[in-house]
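The structure appears right after this line, and notes come after that.
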Amino acid sequence: MDVPYELNAYTRVLKLASTPDWEEFSRISLIAAAGILLIGLIGFLIFLIMGVLPGA
């Protein structure tokens, strides 16, 4: 395990990274929110189905 080499690699990646502009940030936020809502909706539907099936 060559620690200085790994630190150089991490430093190189951080130098290449840049902060997103407002348009990119808002688009990423909307996509993430849509994914969270979709997962929540799927979980809620499973909850409703499991609530109905045992009573049948």
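What follows draws every value from the coordinates through simple rules; no lab data is involved. As the structure is a prediction and not an experimental result, all values here were calculated from the model. Reconstructed Cβ throughout: ideal geometry from the backbone, glycine too, with neighbour counts over all protein chains shown.
If you line up the long axis of helix 3-16 against the longest principal axis of the chain, both from Cα atoms, how many degrees apart are they, to the nearest 10? Computed tilt is about 70 degrees.
Here the residues Leu41, Leu16, ranked from fewest to most Cβ neighbours within 10 Å of their Cβ, fall in the order Leu16, Leu41.
Can you tell me the orientation of helix 22-52 relative to the chain, as the angle in degrees between its alpha-carbon axis and the longest Cα principal axis, to the nearest 10? Roughly 30 degrees between the two axes. Just the Cα atoms of the chain, one point each, no solvent: what log10 I(q)/I(0) does Debye give at q = 0.15, 0.20, 0.26, 0.30 Å⁻¹? The Cα Debye sum returns log10 ratios of -0.69, -0.82, -0.95, -1.05.
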